[in-house]
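In what follows, a structure is listed as structure tokens, so that the remarks can point back to it.
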Amino acid sequence: MAERKFNVAVVGATGAVGNQMIRCLEEADFPVKSIAFLASARSVGRKLRFKGDVVAVQELKEDSFKGMDIALFSAGGGTSERFAPHAAKEGCVVVDNSSAWRMDPDVPLVVPEVNPGAVAGYTKKGIIANPNCSTIQMVVALNPIHRQWGLKRVVVSTYQAVSGTGKKAIDELLDQSRAMLNFLDYESRVYPHRIAFNCLPHIDVFLENGYTKEEMKMVNETRKILEDDAIAVTATTVRVPVFYGHSESVNVETRRPASAREVRALLEESPGIKVMDDPANNVYPLATDAAGQDLTLVGRIRDDASVANGINLWIVADNIRKGAATNTVQIARVLADEYL
Ligand code: A2P
């Protein structure tokens with residue numbers, strides 16, 4: 001039987017993640033019958049390439065989804081909130097990279113290495129959510145540990161690349177770095193403080209509880225994906241002057257005793273992970289190792305000498321690929337292969 005092909009829309013096609021989604025569809029040889037690239041009115045007239053064809057960008061409208069089967073969204077929360085229901089009404093399943101729908105109980109939140117079966121829940125609203133970039137790489141590494149020994153508590157600090165904020169932030173880091181190295185004045189438009197040669201402990205807005213929204217995304221999404229509200233999670237999320245690749249220092253306490261040696265052996269055979277852990281030879285994951293590929297890199301795996309059943313890990317992934325575009329296309333693949 002011939003493989004079924006799909007009419008696919010990419011919403012936010014001109015953005016940093018949207019552009020990578022297009023590349024991931026090509027690389028995955030996704031069964032595409034037709035492709036539509038949608039963005040704001042500002043981008044109408046722009047042309048993008050898909051598998052050797054030139055495709056004109058169209059303005060996103062409420063009736064853009066007639067005849068579409070799958071829409072990959074990465075155009076911000078407001079756009080997803082407004083337009084995803086219109087797509088769903090047309091029978092077009094949305095895989096949404098924004099935070100708009102992630103905690104909706106009727107919307108599955110999926111990392112294919114962790115909970116691919118949750119995709120089945122797409123029928124309730126016609127929407128599947130892609131988790132936050134920092135959450136995705138963390139749960140890829142923590143899920144095997146949770147299944148084997150149970151996670152009691154997770155303490156995470158992130159070192160997040162500016163590409164997670166979009167194209168404007170990439171330009172801001174470039175412009176500020178260039179200005180500073182030439183002793184010129186610089187401007188901060190995207191971030192509240194200078195990001196060049198600095199670290200900002202502030203991602204997304206501050207909430208009443210003193211955490212940022214990004215930090216609470218990591219707390220709530222981790223529990224939803226691992227399907228265990230008893231896991232205690234606390235996060236500090238930090239923007240650093242790196243272009244691509246989020247790094248995370250993660251400390252876990254397990255419910256049953258686990259050693260660093262056992263954790264390393266388990267992660268070495270777990271899906272989507274590459275263990276890089278040979279400190280004697282300066283081998284540990286770097287953002288520069290992660291950028292441009294799809295695996296979650298794990299190293300610095302060691303016993304936490306300060307607490308019973310504690311393990312420290314250093315987890316790194318490409319935030320635009322596995323943290324966003326790749327994971328979205330992987331979800332679409334599960335949907336296409338098993339449910340449509
Ligand atoms: P546009 O390029 O036309 O502004 P990034 O995160 O890299 O800044 O990209 C955001 C993406 O979301 C872009 O493709 C942008 O399109 C798109 N976008 C932003 N706001 C809207 C909107 N109101 N309607 C449609 N697309 C939007």
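Here are the numbers:
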item: Qualifying residues in the range 66-114 (those that are outside any helix (DSSP H, G or I), within 12 Å of the ligand (Cβ to nearest atom) and among the hydroxyl-bearing types (S, T, Y)) - the one farthest from G18 (Cα to Cα); result: S98
item: Check on D63, within 25 Å of I315 (Cβ to Cβ), within 16 Å of the ligand (Cβ to nearest atom) and either at pLDDT 95 or above or out of contact with any helix residue (DSSP H, G or I) (no Cβ under 6 Å at 6 or more places or on another chain) (or both); result: no
item: Selection from the range 233-266 of residues that are part of a helix (DSSP H, G or I), of a type in the set (G, A, S) and surrounded by 17 or more Cβ atoms within 10 Å (Cβ to Cβ); result: A260
item: Residue list for the range 295-309, restricted to those being in contact with a strand residue (DSSP E or B) (Cβ under 8 Å, 6 or more places away or on another chain) and either more than 16 Å from E248 (Cβ to Cβ) or charged (D, E, K, R) (or both); result: R300, R302, D303, D304, V307, A308, N309
item: The range 124-144, residues that are surrounded by fewer than 22 Cβ atoms within 10 Å (Cβ to Cβ), part of a helix (DSSP H, G or I) and touching a strand residue (DSSP E or B) at 6+ places or on another chain (Cβ under 9 Å); result: P144
item: Pairs with Cβ under 7 Å, 6+ apart, first in the range 43-71 and of a type in the set (G, A, S), second outside any strand (DSSP E or B) and at pLDDT 95 or above; result: S43/T14; A71/F65; A71/A87; A71/C92
item: Qualifying residue in the range 159-170 (condition: closer than 30 Å to N309 by Cβ and modelled with pLDDT of 95 or more); result: yes
item: Among the residues listed as S99, S80, S74, S40, the single one being surrounded by fewer than 19 Cβ atoms within 10 Å (Cβ to Cβ) and in contact (Cβ under 8 Å) with a residue 12 or more places away in the chain; result: S40
item: Residue count for the range 1-25, restricted to those that are among the basic types (K, R) and within 15 Å of the ligand (Cβ to nearest atom); result: 1
item: Residue in the range 87-96 that is of a type outside the set (V, I, T) and buried (at least 23 other Cβ atoms within 10 Å of the Cβ) present; result: yes
item: Condition met for A28 (in contact with a Lys or Arg (Cβ under 7 Å, 6 or more places away or on another chain), touching a residue at least 12 places away in the same chain (Cβ under 8 Å), of a type in the set (G, A, S) and more than 10 Å from the ligand (Cβ to nearest atom)); result: yes
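The values are calculated or read from the model by the stated rules, or taken from the named source; none is laboratory data. If you're wondering where the values come from, they're calculated on a predicted model, not measured in any experiment. Note that we place each Cβ from the backbone using ideal geometry, even for glycine, and neighbour counts take in every protein chain shown.
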